[in-house]
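Only one structure is covered here, and it is reproduced in the block below.
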Amino acid sequence: MIHIKNLSKVYTKGRNEVVALKDINLEIKKGDIYGIIGLSGAGKSSLIRCINRLEEPTSGDVLVNKINLIHLKNKELRKARKKIGMIFQNFNLLHSKTVFENIAFPLKLVNTPEKIIKEKVNHLLELVELSDKAYVYPSQLSGGQKQRVGIARALANEPDVLLCDEATSALDPKTTKQILNLLKNINDRLNLTIVIITHEMEVIKEVCNRVAILEGGNIAEEGSTVDIFSKPQNPITKHFINQDENLPKSFIKGKVLHLSFTQGSATQPLISQITRDFDIDVNILSGKIEYIQNQAIGKLTIQMDVDCHRLLDIIKYFEKNYVKVEVIKQ
């Protein structure tokens, strides 16, 4: 669906150059809800705007539905963009127009007949649950309602891809969850490929099946959301999922392990089995259960005083039972 190859973006101001993206390679499949996360200045917004060429890449290729957007002239690019919807953090609604008129706006730009406009807009209003707000103005709407209008407008031309640039950052947690549920519903009903730019890991956990972590214009880590949460490899990823915990290192002896319980293992009594089968004491330092797309991921940090040979046997036992292990202190 979306194939990004060796993409770089350099901003130039006078004699100064700022490298926003460095040799980015990503593949986003049809029907994915794909998250791109990073700290401020990591290159997230530059990347999403290069996908539809709101920003011109310095080098590299962006293919959407096997069409390389980089090679398109203005007229061809405008046609290709009709199949790439976009929603923004600040909604970007036309304040002098009603909700109906805002959603109809992209259809009027391409001279869609009025009868079809009315049918499409009413259908989209129903989809985003705003049928009763058709003839009110943006100033009369809440932030969540404004974003629903933005989503409906982005869907007006029946796109194959929806780009979301920090689309929930201006919303409170309850409204954010409602908007994310709406995006999931749209993804399910329309098989729409969605790309979400965010700095909030809770957004990734809630809806994204895959995620890329950006740091300094590079991809620090990429993979399925469950795998990234279960066993992050990069320090910046651990920062986002709060895995680097403040352990009382001054008095902890022996081995300290981070355990991530996947594929149903969170409900199994594996710790008690370990203590019996290996005749050891296990000290639980911290633990929690997170839910990623309704899949339970158990997190546990434990300490045990064992030699390296027994430690390897214990790790094999955990991994055989779908528990991912990271040794953080030996």
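The values are calculated or read from the model by the stated rules, or taken from the named source; none is laboratory data. Quick caveat, the model's predicted, so the values are computed rather than measured. Note that each Cβ is placed from the backbone with ideal geometry, even for glycine, and that neighbours are counted across all protein chains shown.
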| said: Suppose the filter is in a helix (DSSP H, G or I) and in the same structural domain as E206 (by TED's automatic domain parsing); does A20 pass it? | reply: no
| task | Taking I314 as meeting all but one of (1) assigned to a strand (DSSP E or B); (2) touching a residue at least 24 places away in the same chain (Cβ under 8 Å); (3) not small (G, A, S), write down the number of the exception. | result | (1)
| request: Find the residue count for region 222-258, including only residues that are in contact with a helix residue (DSSP H, G or I) (Cβ under 7 Å, 6 or more places away or on another chain), at pLDDT 75 or above and surrounded by fewer than 20 Cβ atoms within 10 Å (Cβ to Cβ). | output: 1
| task | Go over the candidates E290, E326, E319 one by one and state the one that is assigned to a helix (DSSP H, G or I) and either farther than 9 Å from K255 by Cβ or under 29 Å from the mean Cα position of the chain (by Cα) (or both). | result | E319
| task | Filter region 72-115 for residues that are among the hydrophobic types (A, V, I, L, M, F, W, C) and in a helix (DSSP H, G or I) and give the result. | result | L77, A80, V99, F100, I103, A104, F105, L107, L109
| query | Are any of the residues in region 104-122 buried (at least 19 other Cβ atoms within 10 Å of the Cβ), within 17 Å of R49 (Cα to Cα) and in contact (Cβ under 8 Å) with a residue 24 or more places away in the chain? | reply | no
| query | Does region 116-139 hold any residues that are at negative phi and in a loop (DSSP other than H, G, I, E, B), and which are they? | reply | V128, L130, A134, Y135, V136, Y137
| said: Being assigned by TED's automatic domain parsing to the domain that holds K29, outside any helix (DSSP H, G or I) and modelled with pLDDT under 95 narrows it down to one residue among N157, N181; which is it? | reply: N157
